[in-house]
1. Taking R0 as 25 Å, what's the FRET efficiency between Arg42 and Arg146 from their Cβ-Cβ distance, rounded to 0.05?
2. Highest first, please rank the peptides 75-85, 111-121, 22-32 by the mean number of other Cβ atoms sitting within 10 Å of their residues.
Amino acid sequence: MPAAELSGFDVRIPDATLTPQDVECQRVLYNLVPTLQPVQLRMLRGAIASRLLDLGDEDENAPTGQLYGPAYDIKLEVDGLIQAVRAMQNSVMTNGQIRPGITPKEMREVVQSTTSLMSLLMKAHEKLLSLDRVRAIEQATISVLRELGDDAMVERFVAALEQELSSTT
């Protein structure tokens with residue numbers, strides 16, 4: 001068998017020096033993320049989404065256009081609000097104790113803000129769970145239709161669903 005011609009094959013790696021951030025990112029992606037529980041993954045997703053929103057126009061890969069639409073995930077916003085509540089609490093307290101230098105007025109303002117925000121979240125929680133259940137039913141229906149029929153059946157179902165939903169709003 002003749003030897004393969006490999007003269008044009010270059011096995012050298014271009015000068016790519018990994019920064020400490022690159023190394024840490026790879027460690028998190030390959031070592032930590034696979035071990036996280038769903039709640040922790042949602043927290044991570046919320047933190048990443050929040051950071052991407054903070055980048056704004058700086059992120060050239062960020063999606064353009066409106067942030068709200070059919071693919072919008074309200075749970076990311078809720079995660080962000082919960083993180084904000086925790087950050088506010090941590091700004092005035094450590095291990096259940098008021099931090100030195102925090103005035104009673106500052107403490108009262110944080111308690112009032114976090115209480116009202118948590119009340120709002122609790123009121124919305126039931127509605128969000130109902131919305132998740134409706135989405136799950138919709139996705140399960142589409143999956144079953146794909147298994148039972150062809151893509152044309154799925155398209156007819158989605159079109160009828162969209163028409164019905166647009167007529168109710």
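1. Numbers: r = 27 Å, r/R0 = 1.08.
Given R0 = 25 Å and the Cβ-Cβ separation, E is 0.40.
2. Working: 75-85: 15.9, 111-121: 12.6, 22-32: 10.8.
Result, highest mean first: 75-85, 111-121, 22-32.
Since every read-out is calculated from the coordinates, none of them should be taken as a lab result. Owing to the predicted nature of the structure, the values given are computational and were not obtained by experimental measurement. With ideal geometry, Cβ positions are generated from the backbone for all residues, glycine too; neighbour counts draw on all protein chains shown.
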